[in-house]
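Report on one structure; see the data block that follows.
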Amino acid sequence: MILKHLSILNYKNLEEVELTLSPKINCFLGDNGMGKTNLLDAVYYLSFCKSHSNPIDSQVILHDADLCMIQGKYEFADGNQEEIMCALKRRQKKQFKRNKKQYDKLSAHIGFIPLVMISPADDELIMGGSEARRTFMDVAISQFDKPYLQSLVRYNNALQQRNATLKLDNVDKSLLKLWEEVMIEEGEAIFEKRKLFIEELIPIFNQFYSTISQSREIVSLHYTSQLDNCSFEERLLAARDRDMILGHTTVGIHRDDLDMLIDEYPIKKDGSQGQKKTFFVSLKLAQYQFLSRKSNTMPLLVLDDIFDRFDEARVKEIIQLVSGPDFGQIFISDTNRQSLDRILQPFNNNYHLYSVANGVIEQMEQ
């Protein structure tokens, strides 16, 4: 699958953009704050029905504009053409359409245009709280498993309702039981799928890390959950009295985490900046490879300003990996033309290079 044409109107600082894209690699060059990341975010929006960096839709509309629109024309391996369009108006519900037909539910679109984005914000996978690591698992699995996404929505709704019930002065235990039954059913399904996902991801991740780091370190990844080797129902019921005192749910898959180690020590504490960056880049490339195997189409790969603070050897390994046949269409942003020229060298002119300045995007000579 490739994104052939991209149209943007009033998205963040991008007032008007029309691009016919390369089927392999598209590079966006410019200083920070010029709009490179906004362009890549628009590509992300067409896959996930939301911004990668800003959860508030009204804030992605250009200042002083009332309407924002993103439109992408895609071509799949079988030659099938698809058009995805999103329109946002202030104080109105957003429109999201496939071939001019509006979706009844935005969740129905997730996974249709699979995409993996790697950006400096992925440092949160290592340095942030457990929510970032759960989101990593959820985004990956939801793109190929619709029932998983539905289970996640139902679980989170039941969790929210149980927490609201726990905060009442007179807790209705029959109501608690109703929400607990939903949490148990959906939580067990989510746990099993997360567990299987990480088991399949680990060898792919290890191979990517070994290649990029040239086998300098040994890393490991472990899925941890309160549902390990125990009954969710028993643990939830045992915690009920404590939860009533605290006013929130202390047991469940909403507390799952990933342990990330380097040479048997937490990478969060013992890893260098380069090692941490290699870790999360390898994790995301493994996610891409996993999705490629599970999906009927090759995902888009978006690399937003990730080469800073990498030594030349690691940059070379990453580029050799993504330029191979296992990766499809790629979007890259960078601030350094000299660095970008080295990155593009393996692609043998099979790329488009764009300059980005104050929201204006123009194709450059190669």
Using label points projected 7 Å from each Cα along Cα→Cβ, tell me how many nm separate Asp326 and Asp78, to one decimal. 2.6 nm
Report the full-extension gain for the segment Asn206 to Lys167: residue separation times 0.36 nm, less the Cα-Cα distance, to one decimal in nm. 9.6 nm
Computed over the chain: longest principal axis from alpha-carbon atoms vs helix 273-294 long axis, angle to nearest 10 degrees, is 80 degrees
Acute angle (nearest 10 degrees) that the helix 173-213 long axis makes with the longest principal axis of the chain, alpha-carbon atoms: 40 degrees
Phi to ³J(HN,Hα) by Karplus 6.51 cos²θ - 1.76 cosθ + 1.60 over the range 124-137, Hz, x for Gly, Pro: 5, 4, 9, 8, x, x, 5, 4, 4, 6, 5, 4, 4, 5
What size of dipole, in debye to the nearest 20, comes out for the chain about its Cα centre when the only charges are +1 on Lys and Arg C-beta atoms and -1 on Asp and Glu C-beta atoms? 760 debye
Given the rule -39500 (n - 2.57) for each run of at least 4 DSSP H residues, summed and divided by the residues of the chain, what is its mean residue ellipticity at 222 nm, to the nearest 500 deg cm²/dmol? -13000 deg cm²/dmol
What FRET efficiency comes out for the pair Asn13/Thr224, r = Cβ-Cβ distance, R0 = 51 Å, nearest 0.05? 0.80
Report the percentage of all Cα-Cα pairs in the range 122-294 whose separation exceeds 28 Å, rounded to a whole percent. 31 percent
Find which of Gln275, Asn358, Asn99 sits farthest along the positive direction of the dipole of the chain, computed with +1 on the beta-carbon of Lys and Arg, -1 on that of Asp and Glu, about the Cα centre. Asn99
Under 15 Å Cα to Cα from Lys195, which aspartates and glutamates show up? Leave out anything in the same chain fewer than 8 places away. Asp138, Asp145, Glu186, Asp228, Asp256, Asp257, Asp259
Checked against the positive end of the charge dipole of the chain (+1 on Cβ of Lys and Arg, -1 on Cβ of Asp and Glu, about the Cα centre), the farthest of Leu159, Pro346, Met34 is Leu159
For the range 65-118, rounded, prolate or oblate, judged on the Cα gyration tensor with a ≥ b ≥ c (square roots of eigenvalues), a/c < 1.5 rounded, else prolate if a/b > b/c? prolate
Entries in Lys193/Lys294; Lys73/Lys100; Lys277/Lys316; Lys101/Lys294; Lys105/Lys177 that, when Cα-Cα distance is taken, lie over 18 Å: Lys101/Lys294; Lys105/Lys177
Please report Val281, Val182 as a ranked list, fewest other C-beta atoms within 10 angstrom at the top and most at the bottom. Val182, Val281
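Taking 8 Å as the Cα distance limit and 6 or more residues as the minimum spacing, I'd like the relative contact order of the chain as a percentage. Mind showing how you got there, number by number?
On the way: 624 pairs, mean separation 93.2, N = 366.
Once normalised by length, the contact order is 25 percent.
Which of the peptides 121-133, 300-312 is most tightly packed, and how do the rest follow, going by the mean number of other Cβ atoms within 10 Å of each residue?
Going by the mean number of other Cβ atoms within 10 Å, highest first, we get 300-312, 121-133.
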Computed over the chain: longest principal axis from alpha-carbon atoms vs helix 146-166 long axis, angle to nearest 10 degrees, is 50 degrees
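Taken together, the values in this text are just the output of simple stated rules run on the coordinates, not laboratory data. From a predicted model like this one, the values you see are computed outputs, not experimental measurements. Neighbour counts are summed over all protein chains in view; Cβ atoms, including those assigned to glycine, are modelled from backbone coordinates with ideal geometry.
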